[in-house]
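**Q** Structure incoming, see below.
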Ligand SMILES: Cc1ncc(COP(=O)(O)O)c(C=O)c1O
């Protein structure tokens, strides 16, 4: 699977346009590392680049493509939908597609989660949840978790603790307090301090580095919310739609949130769609009077194309039993990676649930003792090793990325349609790359050589 490194970016016409008009900084970063590829086609768990090279996708659009890229059943349904001359959005009458999806989706959820507020991205849906909680409780404050990721809108950034994302945009929404994920005492003391509308958290922190909550934690959070009159908002934008081995991660926790946020995998990776689900009681308290009917609204939110994609995706997830496949293949992948990476000097832990797996990088004690400059070494291992290994994997034909908040955790989250025979391929590819990266010094020197060469070669 090994491929030659390109001397500069691919020369594909998309690169110059993207660099000039879309995201110049990203292109600079990709150039410095020598990514050198434009992906032009995707099917199932496979992607192809401009040169026809094939890659196993263990990123799945950051957990958006649970049913695999361009699932034939979804693309067929959407092609037929486009022949129907359907009205995309009317806003002055009920939308059949929005109603169909809401009914189907809420039939998979426990009562009282019955009402769906539509939007177009996870970030918007998180903000819809925050607005709903404020309007329903008439309280201002929010508690969020250190390490959580909820999107890059102004409201969703206000409930994210990572200074890399927050600092350039502060001041953010007032009244948002952070608590450590997994610590009930700290949560309770924050709840006592202020009048809190909602506690917002993910069941498993994905971009925080695949951090699982301690057993019973989510149930205790819900109890504390009830005690202090706050609502519990569960962000399942990345963990939902079968990703962690059940349709929704909260099912495995014996808890029902007051507000559930879904996005990403909800519409099969093709159409933008997100939803904030709540109970009729919370909805009525927030928006139940005639002058509030449009306090949550969005021109494209719940459009017919996206809802049709959502409905077909839900059917595919259910009929292909993808949550069960995710649990089964995820366990095999987790155990296989643990075995293959056991005693690796740069791997501290492999953890996860279903097909959401994190490889925690870091120096093991033995290696750390032999380093002369521990602070520098720890900085390098946190900032460089994950990016370098992701690049090496790319060059071996495997796509994955470090978590957004934790570059020292490689996230492995392939489409849930990954076939049993593809799991050993993934384990072998990852194992081989780690085998070549056993020494921090070698990794840092190789990364340095690449960066200086790319800098010289930059067109
Ligand atoms: C848990 C979680 N919430 C919200 C978001 C934001 O979603 P979007 O990028 O669609 O705004 C993400 C994105 O990665 C996420 O992982």
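The values are calculated or read from the model by the stated rules, or taken from the named source; none is laboratory data. Keep in mind it's a predicted model, so treat the numbers as computed, not measured. All Cβ positions, glycine included, derive from the backbone under ideal geometry; neighbour counts span all protein chains shown.
**Q** Would you say residue 335 is without any contact (Cβ under 8 Å) to a residue 24 or more places away in the chain, in a helix (DSSP H, G or I) and more than 14 Å from the ligand (Cβ to nearest atom)? Show your work before the answer.
**A** Values: without any contact (Cβ under 8 Å) to a residue 24 or more places away in the chain: yes; in a helix (DSSP H, G or I): yes; more than 14 Å from the ligand (Cβ to nearest atom): yes.
Taking the combined requirement at face value, the residue satisfies it.
**Q** Given the conditions (1) more than 28 Å from residue 271 (Cβ to Cβ); (2) more than 14 Å from the ligand (Cβ to nearest atom), report the number of the one that residue 144 does not fulfil.
**A** Against the list (1) more than 28 Å from residue 271 (Cβ to Cβ); (2) more than 14 Å from the ligand (Cβ to nearest atom), residue 144 comes up short only on (2).
**Q** Restricting to the stretch 114-129, name every residue that is within 12 Å of the ligand (Cβ to nearest atom) and buried (at least 21 other Cβ atoms within 10 Å of the Cβ). If you could, list the steps in order and put the result at the bottom.
**A** First, the residues of the stretch 114-129 that are within 12 Å of the ligand (Cβ to nearest atom): 119-129.
Correct list: 119, 122, 123, 124, 125, 126, 127, 128, 129.
**Q** Any residue at all in the stretch 248-255 that's more than 16 Å from the ligand (Cβ to nearest atom), in contact with a strand residue (DSSP E or B) (Cβ under 9 Å, 6 or more places away or on another chain), part of a helix (DSSP H, G or I) and over 20 Å from residue 44 (Cβ atoms)? Break it down stepwise before answering.
**A** First, the residues of the stretch 248-255 that are more than 16 Å from the ligand (Cβ to nearest atom): 251-252, 254-255.
Now narrow it down to the ones that are in contact with a strand residue (DSSP E or B) (Cβ under 9 Å, 6 or more places away or on another chain): 252, 255.
Of the ones still in play, those that are also part of a helix (DSSP H, G or I) are 252.
Next, from what is left, pick out any that are over 20 Å from residue 44 (Cβ atoms): 252.
Yes, that holds for at least one residue.
**Q** Continuing with this model, one more query. Taking the criterion of being away from the ligand (no atom under 14 Å from the Cβ), free of Cβ contacts under 8 Å to residues at least 12 places away in the same chain and assigned to a loop (DSSP other than H, G, I, E, B), would at least one residue in the stretch 176-196 satisfy it?
**A** The initial filter retains those residues of the stretch 176-196 that are away from the ligand (no atom under 14 Å from the Cβ), namely 176-180, 182-196.
With the extra rule that they be free of Cβ contacts under 8 Å to residues at least 12 places away in the same chain, the set shrinks to 183, 185-186, 189.
In the following step, the residues that additionally are assigned to a loop (DSSP other than H, G, I, E, B) were identified as 183.
Yes, the stretch 176-196 has at least one match.
**Q** Can you name the residue in the stretch 152-175 that is in contact with a helix residue (DSSP H, G or I) (Cβ under 8 Å, 6 or more places away or on another chain) and part of a helix (DSSP H, G or I) and, of all such residues, is surrounded by the most Cβ atoms within 10 Å (Cβ to Cβ)?
**A** 156
**Q** Give me a count of the residues in the stretch 256-278 that are buried (at least 24 other Cβ atoms within 10 Å of the Cβ), within 13 Å of the ligand (Cβ to nearest atom) and at positive phi.
**A** Here the count works out to 1.
**Q** Are any residues in the stretch 197-219 in a helix (DSSP H, G or I) and surrounded by fewer than 16 Cβ atoms within 10 Å (Cβ to Cβ), and if so, which ones? Let's see the steps before the verdict.
**A** Here is the first cut: in the stretch 197-219, the ones in a helix (DSSP H, G or I) are 217-219.
Scanning the stretch 197-219 gives a single hit, 219.
**Q** Residue 151 fails exactly one of the following numbered conditions: (1) within 15 Å of the ligand (Cβ to nearest atom); (2) at negative phi. What is the number of that condition?
**A** Going through (1) within 15 Å of the ligand (Cβ to nearest atom); (2) at negative phi one by one, residue 151 breaks only (2).
**Q** In this structure, does residue 340 turn out to be in contact with a helix residue (DSSP H, G or I) (Cβ under 8 Å, 6 or more places away or on another chain), in a helix (DSSP H, G or I), surrounded by fewer than 20 Cβ atoms within 10 Å (Cβ to Cβ) and at pLDDT 95 or above?
**A** yes
**Q** If you check 132, 105, 173, which single one turns out to be farther than 26 Å from residue 310 by Cα, at pLDDT 95 or above and more than 15 Å from the ligand (Cβ to nearest atom)?
**A** Unique residue meeting the criteria: 173.
**Q** Taking the residues in the stretch 222-245 that are more than 16 Å from the ligand (Cβ to nearest atom), more than 16 Å from the chain's Cα centre (by Cα) and under 30 Å from residue 66 (Cα atoms) as candidates, determine which candidate is surrounded by the most Cβ atoms within 10 Å (Cβ to Cβ). Give the steps one after another, and end with the answer.
**A** Pass one, the stretch 222-245, residues more than 16 Å from the ligand (Cβ to nearest atom): 222-231, 245.
Cutting the leftovers down to more than 16 Å from the chain's Cα centre (by Cα) gives us 222-231.
This time we only want the ones that are under 30 Å from residue 66 (Cα atoms), so: 222, 231.
Working: 222: 21, 231: 27.
Filtering first and then ranking leaves 231.
**Q** Go through the stretch 195-215 and report how many residues are over 24 Å from residue 133 (Cα atoms) and in contact with a strand residue (DSSP E or B) (Cβ under 6 Å, 6 or more places away or on another chain).
**A** 4
**Q** How many residues are assigned to a loop (DSSP other than H, G, I, E, B) and more than 24 Å from the chain's Cα centre (by Cα) when one looks only at the stretch 88-113?
**A** Narrowing the stretch 88-113 to residues assigned to a loop (DSSP other than H, G, I, E, B): 88-95, 108-113.
Checking which are more than 24 Å from the chain's Cα centre (by Cα) leaves us with 88-95, 111-112.
The qualifying residues number 10.
**Q** Taking the stretch 69-87, which residues are surrounded by 14 or more Cβ atoms within 10 Å (Cβ to Cβ), in a loop (DSSP other than H, G, I, E, B) and in contact with a helix residue (DSSP H, G or I) (Cβ under 8 Å, 6 or more places away or on another chain)?
**A** Restricting attention to the stretch 69-87, the residues satisfying the condition of being surrounded by 14 or more Cβ atoms within 10 Å (Cβ to Cβ) are 69-71, 73-75, 77-78, 81, 86.
So of that shortlist, the ones also in a loop (DSSP other than H, G, I, E, B) come out as 70-71, 86.
Across the stretch 69-87, the qualifying residues are 71, 86.
**Q** Which of the numbered conditions does residue 62 fail, given that it passes all the others? Conditions: (1) over 16 Å from the mean Cα position of the chain (by Cα); (2) assigned to a helix (DSSP H, G or I); (3) within 16 Å of the ligand (Cβ to nearest atom); (4) closer than 30 Å to residue 410 by Cβ.
**A** With respect to (1) over 16 Å from the mean Cα position of the chain (by Cα); (2) assigned to a helix (DSSP H, G or I); (3) within 16 Å of the ligand (Cβ to nearest atom); (4) closer than 30 Å to residue 410 by Cβ, residue 62 is out only on (1).
**Q** Tell me, please, whether a residue that is in contact with a helix residue (DSSP H, G or I) (Cβ under 9 Å, 6 or more places away or on another chain) and more than 26 Å from residue 241 (Cα to Cα) can be found in the stretch 120-134.
**A** So far as the stretch 120-134 goes, yes, one or more of its residues are in contact with a helix residue (DSSP H, G or I) (Cβ under 9 Å, 6 or more places away or on another chain) and more than 26 Å from residue 241 (Cα to Cα).
**Q** Quick one: in the stretch 47-58, which of the residues that are touching a helix residue (DSSP H, G or I) at 6+ places or on another chain (Cβ under 9 Å) and modelled with pLDDT of 95 or more is nearest to the ligand (Cβ to nearest atom)? Spell out how you get there, then give the answer.
**A** From the stretch 47-58, those touching a helix residue (DSSP H, G or I) at 6+ places or on another chain (Cβ under 9 Å) are 50, 55-56, 58; that's our starting set.
Still in the running and modelled with pLDDT of 95 or more: 55-56, 58.
Values: 55: 21, 56: 21, 58: 16 Å.
Top of the filtered list is 58.
**Q** Is it fair to say residue 363 is at pLDDT below 95, out of contact with any strand residue (DSSP E or B) (no Cβ under 9 Å at 6 or more places or on another chain) and more than 24 Å from residue 328 (Cβ to Cβ)? Walk me through it before giving the result.
**A** Numbers: at pLDDT below 95: yes; out of contact with any strand residue (DSSP E or B) (no Cβ under 9 Å at 6 or more places or on another chain): no; more than 24 Å from residue 328 (Cβ to Cβ): yes.
Here the answer is no, as residue 363 does not meet what is asked.
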